[in-house]
Amino acid sequence: MTLVPSPKALTSSDTDTSGVPVTISLPPARLRLIRGVVSGVVIGPFLGTVAALALAASSGGRVSAIALIAFAIAYCVTTLAVTIGFHRYFAHRSFKTGRTLQVMFVVLGSTALQGSLLYWVSTHRRHHRFSDTADDPHSPHFARKVPASGWRGFFHGHLGWMFAADMTNVMRFAPDIVRDPLIFRVQLQYGLWAALGLLLPLAIAGLVTRDPRTAVETFLWAGPVRLLLVHHASWAVGSLSHLYGRRPFDTDDHSANNLWVALLAFGEGLQNNHHAFPRAARHGFSWREPDLSGVVIAGLAKIRLIWDLNAPTSADLASRRRAQPQPAEKDRA
């Protein structure tokens, strides 16, 4: 899904006050291709999960230990690579790190099948720039730039937005990724990293157990089942966490702290905290706010693999905090 347009390709009339296009129009053939890929990414993990459950049912409900271990490792690695790498490092530059870890972030984050780094970062920065307005790519309060609510708004904010007829202008929202020769080259291999993320568990299980059935079972749990949960946990950040939860800080949008999403997405569900302080490396500001990504970031800083962590001061937090935390818009309705 990497698309780097030339200035002549910027044909969209969607601009803001800067006069620079927010989105680009896609040729019909390219649009059909992207929608086909997105359909496969959405439907494939579901069908694979059905197959995994059917295989387990044929064994009396048992799942091999190696399959469950592979699932747990793949889920944690994939989620952390997206939350720490794609999101907090590349999208927000919340800390500094060396080239080796940067490359690892790109490779491992690509195994989440959420699009290339360039696509992910540009889409996310656009979300922050226009959060919960008509130009937000995945707000549950707008669908195709028309105010939306209920199931229609939820569906658009969760996954419907990926089928949009235009694409975020990467040259506007992620020029730093395009101009970084190493990172740009690595993220161009998105398809390779995504495929390896699916095939490596299959190969490793096959070599370790020498049992084709266990190898297939491991592939299903570390592949489709893992992706189904990773995807919906990630998509819930943009949908549920902009509908339900607490709002301790003043922001100009509907972002909310949803603790259930935060648990599944390793801290990403703390959207009100994040939108109030986008560059903060840790999204959990108290022990009651689960942020596994923040814990891992603290550990990486302790062993000096990352440094210069951005964090709001006590005065910063106090200046933005509401006198009385409010529920999200949906909770008040």
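A few remarks follow.
- For segment 189-212, filtering for residues that are more than 29 Å from Val38 (Cα to Cα) and in a helix (DSSP H, G or I) leaves 5.
- Test result for Arg247, basic (Lys, Arg), at pLDDT 95 or above and either in a helix (DSSP H, G or I) or within 20 Å of Ala81 (Cβ to Cβ) (or both): no
- Arg282, sole failed condition from (1) charged (D, E, K, R); (2) at pLDDT 95 or above; (3) over 24 Å from Tyr75 (Cβ atoms): (3)
- Residues of segment 294-308 include at least one that is in contact (Cβ under 8 Å) with a residue 24 or more places away in the chain, at positive phi and not in a helix (DSSP H, G or I).
- Just so you know, in segment 270-290 the residues that are touching a Phe, Trp or Tyr at 6+ places or on another chain (Cβ under 7 Å) and free of Cβ contacts under 8 Å to residues at least 60 places away in the same chain include one that is nearest to Ala236 (Cα to Cα), and it is Asn272.
- Gly61, sole failed condition from (1) exposed (fewer than 14 other Cβ atoms within 10 Å of the Cβ); (2) at pLDDT 95 or above: (2)
- Any hit, segment 144-155, residues being under 17 Å from the mean Cα position of the chain (by Cα), at pLDDT 95 or above, farther than 18 Å from Gly85 by Cβ and in a helix (DSSP H, G or I): yes
- Of the residues Trp221, Trp193, the single one that is aromatic (Phe, Trp, Tyr) and either farther than 12 Å from Ile66 by Cα or free of Cβ contacts under 8 Å to residues at least 12 places away in the same chain (or both) is Trp193.
- Which listed residue, of Leu192, Leu228, Leu188, Leu200, is under 21 Å from Phe86 (Cβ atoms), surrounded by fewer than 24 Cβ atoms within 10 Å (Cβ to Cβ) and touching a Pro at 6+ places or on another chain (Cβ under 6 Å): Leu228
- Long-range neighbours under 9 Å by Cβ, at least six apart or interchain, first residue touching a residue at least 60 places away in the same chain (Cβ under 8 Å) and of a type in the set (Gly, Ala, Ser) within segment 234-250, second in a strand (DSSP E or B) and surrounded by 24 or more Cβ atoms within 10 Å (Cβ to Cβ): Gly245/Asn257; Gly245/Leu270
Matching residues to (1) in a loop (DSSP other than H, G, I, E, B); (2) at pLDDT below 95; (3) within 23 Å of Gly284 (Cβ to Cβ):
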{"residue": "His87", "(1), (2), (3)": "no, no, yes"}
{"residue": "Ser94", "(1), (2), (3)": "yes, no, yes"}
{"residue": "Val103", "(1), (2), (3)": "no, no, no"}
{"residue": "Leu118", "(1), (2), (3)": "no, no, no"}
{"residue": "Ala134", "(1), (2), (3)": "yes, yes, no"}
{"residue": "Gln187", "(1), (2), (3)": "no, no, no"}
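- In the set (1) surrounded by fewer than 20 Cβ atoms within 10 Å (Cβ to Cβ); (2) under 18 Å from Leu317 (Cβ atoms); (3) not charged (D, E, K, R), His283 fails one condition alone, (1).
- Count of segment 170-182 residues, restricted to those that are touching a residue at least 12 places away in the same chain (Cβ under 8 Å) and more than 18 Å from the chain's Cα centre (by Cα), is 4.
- For segment 293-307, the count of residues that are under 28 Å from Ala134 (Cα atoms), surrounded by 21 or more Cβ atoms within 10 Å (Cβ to Cβ) and at pLDDT 95 or above is zero.
The values are calculated or read from the model by the stated rules, or taken from the named source; none is laboratory data. These numbers were taken from a predicted model, which means no experiment stands behind them. When we count neighbours, we look across all protein chains shown, and the Cβ atoms used for this are built from the backbone with ideal geometry, even at glycine.
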